[in-house]
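Working notes, beginning with the structure itself.
The values are calculated or read from the model by the stated rules, or taken from the named source; none is laboratory data. These numbers come from a predicted model, not from an experiment. Note that each Cβ is placed from the backbone with ideal geometry, even for glycine, and that neighbours are counted across all protein chains shown. Remember, those area values only see protein heavy atoms, side chains included, never the ligands or the DNA or RNA. Shrake-Rupley method; radii C 1.70, N 1.55, O 1.52, S 1.80 Å.
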Amino acid sequence: MSAHWYTYPSADLAAQAGSRQILLHLEQALAGHSTASLAISGGSTPKLMLQHLAKAKFDWSRVHLFWVDERMVPPTDADSNYLLAEENFIKPARFPHRNLHRIQGELRADIAAEHYAVEMEEFFGLSAGELPHFDVIHLGIGADGHTASLFPGEPLIEDRKSMAAAVWVEKLSKWRVTLLPGVLLNARHVLMLVAGADKAEALKTVTEGAYEPLRYPAQLVAHHSRHLTWCVDREAASLVTA
Ligand code: 6PG
């Protein structure tokens, strides 16, 4: 495992650095393959990063865009992770629609998860039981230490075999679809983008606390990713020892 940590004075500089990391690893992937695969998270932090990606002079024609997780709402809903990407990246970057692989939030969660698994099987040409290797997976961390839609107490944190699942998030009383740990840990590169004072406690616990991934799911990625780059702002890093 290799990990790199970069702290920036502002959320925007961290987001800009995160977008550069994504472009770097996509370029590396495209140097050796006809396509590259990127999976992005949602929430609010990624907005600035997506805007920086949209401004980049980059040929997106061979990049395929997936999602780490999705809320079970239509793609036009304000809570949709797809809509966040469409408004801040897909439209302004003129990202090719044929290369989009969204999680169908308008469907029942278990059906959407099944469809998404089939879409990954087909795109990556997977045989039964095989997991995809995304070239880049972007993740965030919630103030409670969750990542993707793997929230504290989620038993699927132990799952290393399946690709995606519908998860009931008790604290939100909402269903979500999420990539599962086996896929997150299979990524060639993980970019973890964390910003804001509200993440300081979680970031300290995830990076320096006792290893309890069921309690702090983001620890799974922090401890076991093959190649992990942290782009964090000073506020989020304020409690982390140097
Ligand atoms: C989601 C995200 C989620 C996110 C964290 C951090 O759908 O909410 O995929 O895992 O990365 O919740 O979200 P913020 O960046 O908005 O704090």
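Quick notes on this one:
- When the surface is traced with a 1.4 Å probe over the full set of protein chains, R160 keeps roughly 100 Å² accessible.
- DSSP-defined beta bridges in region 1-159 - what % are antiparallel, rounded to 5: 10 percent
- Estimated [θ] at 222 nm from DSSP helical runs (n ≥ 4, -39500 (n - 2.57)) normalised by residues in the chain, nearest 500: -9500 deg cm²/dmol
- HN-Hα J in Hz across region 56-64 - Karplus 6.51, -1.76, 1.60, θ = phi - 60°, x for Gly and Pro: 5, 7, 9, 7, 7, 5, 10, 9, 10
- Simple point charges give the picture: +1 on the Cβ of Lys and Arg, -1 on the Cβ of Asp and Glu, and for the chain a dipole about the Cα centre of about 580 debye.
- A straight chain from S44 to D110 at 0.36 nm per residue would run longer than the Cα-Cα distance by 21.3 nm.
- Spin-label pair E87/K204, simplified geometry with 7 Å Cα→Cβ offset, distance in nm: 3.4 nm
- Take H64: with every protein chain present and a 1.4 Å probe, its accessible area is about 30 Å².
- Each 5 Å bin from zero holds the following percent of Cα-Cα pairs in region 124-165: 5, 17, 23, 25, 17, 9, 3, 1.
- Note: the chain, Cα convex hull, 115 Å³ per residue.
- The label-point distance for R234 and L24, in a model that sets each label 7 Å from Cα toward Cβ, rounds to 2.2 nm.
- With the simple spin-label model, which puts each label point 7 Å out from Cα in the Cβ direction, the D79 to M1 separation comes to 3.2 nm.
- The phi-based Karplus calculation (6.51 cos²θ - 1.76 cosθ + 1.60; θ = phi - 60°) puts the 3J(HN,Hα) values of region 91-103 at 5, x, 8, 6, 5, x, 4, 5, 9, 9, 10, 7, 7 Hz, whole numbers, x for Gly and Pro.
- Length available on full extension from H223 to F124: 0.36 nm per residue minus the Cα-Cα distance, which gives 33.1 nm.
- In the complete set of protein chains, residue-level accessible area for T45 is approximately 40 Å², probe 1.4 angstrom.
- Among P132, P96, P75, the residue with the largest mean-square fluctuation in a Gaussian network model of the chain, with springs joining Cα atoms closer than 10 Å, is P96.
- When Rg and the Kirkwood radius Rh are both evaluated on Cα atoms of region 111-242, their ratio Rg/Rh stands at 0.98.
- Here the Karplus curve 6.51 cos²θ - 1.76 cosθ + 1.60, taken at θ = phi - 60°, turns the phi angles of region 189-198 into couplings of 9, 10, 10, 9, 10, 9, 8, x, 4, 5 Hz, with x standing for Gly and Pro.
- For region 193-242, Kirkwood radius (reciprocal of mean inverse C-alpha pair distance, Å): 11.0 Å
- Centroid-to-centroid, using Cα positions, region 63-89 and region 142-192 are 16 Å apart.
- Proximity of backbone amide H atoms, modeled 1.01 Å from N, is registered between G42 and D69 at under 5 Å, excluding neighbours fewer than 5 places apart on the same chain.
- Annotation: region 1-122 has a Kirkwood hydrodynamic radius of 15.3 angstrom, from the mean reciprocal C-alpha pair distance.
- Förster radius 45 Å - calculated FRET efficiency between E158 and K57 (Cβ-Cβ, nearest 0.05): 0.60
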